[in-house]
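First comes the structure, then the notes that go with it.
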Amino acid sequence: MEISQLKYDADGLIPAVVQEAGTHEVLMVAYMNEESLRRTLETKTTWFWSRSRQEYWNKGATSGHVQKVKEVRYDCDADCLLISVEQVGGTACHTGNKSCFFNVLEL
């Protein structure tokens with residue numbers, strides 16, 4: 001499938017679930033558009049579209065916590081990505097946590 005054939009939302013975005021390649025731990029969820037996905041595939045590091053800043057960001061460019069892309073998959077509906085990475089620097093979350101999913105909702 002060509003990246004242009006993926007199903008982007010009305011804003012031209014597709015959610016990307018990022019997981020550690022070795023452990024399959026979910027590290028974060030961010031959004032991509034065609035250009036950020038193209039940059040990701042070309043550089044083998046994750047690029048996203050920041051909805052708040054309205055700009056591209058290369059994960060780890062300022063923090064050094066780069067994500068080296070090992071594989072990119074898309075789901076059965078072609079409307080969500082799963083990106084397996086080697087997380088360099090140990091943390092994916094801007095809070096300093098390894099994963100963005102460190103909060104627990106009480107049952």
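The values are calculated or read from the model by the stated rules, or taken from the named source; none is laboratory data. What you see is a predicted model, and the numbers here were worked out from it, not measured in a lab. Please note: Cβ atoms are built from the backbone with ideal geometry, for glycine as well, and neighbour counts cover all protein chains shown. These area figures cover heavy atoms from the full protein model, side chains too; ligands, DNA and RNA do not enter into them. Shrake-Rupley method; radii C 1.70, N 1.55, O 1.52, S 1.80 Å.
Going by the structure shown, is LEU81 open to solvent by less than 90 Å² (accessible area, probe 1.4 Å), in contact with a Leu (Cβ under 8 Å, 6 or more places away or on another chain) and not β-branched (Val, Ile, Thr)?
Yes; evaluated as a whole, the condition is true for this residue.
So in the range 20-39, with the set limited to residues that are among the polar types (S, T, N, Q) and within 11 Å of ILE3 (Cα to Cα), which one is surrounded by the fewest Cβ atoms within 10 Å (Cβ to Cβ)?
Among those that are among the polar types (S, T, N, Q) and within 11 Å of ILE3 (Cα to Cα), it is ASN33.
Take TYR56 and tell me if it is open to solvent by 60 Å² or more (accessible area, probe 1.4 Å), under 22 Å from ILE3 (Cα atoms) and in contact with a helix residue (DSSP H, G or I) (Cβ under 6 Å, 6 or more places away or on another chain).
yes
What's the number of the condition LEU107 fails, among (1) under 13 Å from the mean Cα position of the chain (by Cα); (2) hydrophobic (A, V, I, L, M, F, W, C); (3) at pLDDT below 95?
(1)
Mind checking which pairs have a first residue in the range 11-40 that is in contact (Cβ under 8 Å) with a residue 60 or more places away in the chain and farther than 15 Å from GLN87 by Cβ and a second that is small (Gly, Ala, Ser) and not in a loop (DSSP other than H, G, I, E, B), Cβ under 8 Å, 6 or more apart or different chains?
Pairs found: PRO15/ALA30.
Within the set of pairs 6+ apart or on separate chains, which have a first residue in the range 68-96 that is touching a residue at least 60 places away in the same chain (Cβ under 8 Å), a second that is loosely packed, with under 11 Cβ neighbours inside 10 Å and of a type in the set (Asp, Glu), and C-beta atoms under 8 Å apart?
ILE83/GLU71; SER84/GLU71
Being of a type in the set (Asp, Glu) and over 24 Å from CYS76 (Cβ atoms), is that true of even one residue in the range 34-41?
yes
Would the range 92-106 turn up any residue that is open to solvent by less than 90 Å² (accessible area, probe 1.4 Å) and among the acidic types (Asp, Glu)?
no
Scan the range 63-78 for residues that are open to solvent by 60 Å² or more (accessible area, probe 1.4 Å) and at pLDDT below 95 and jot them down.
SER63
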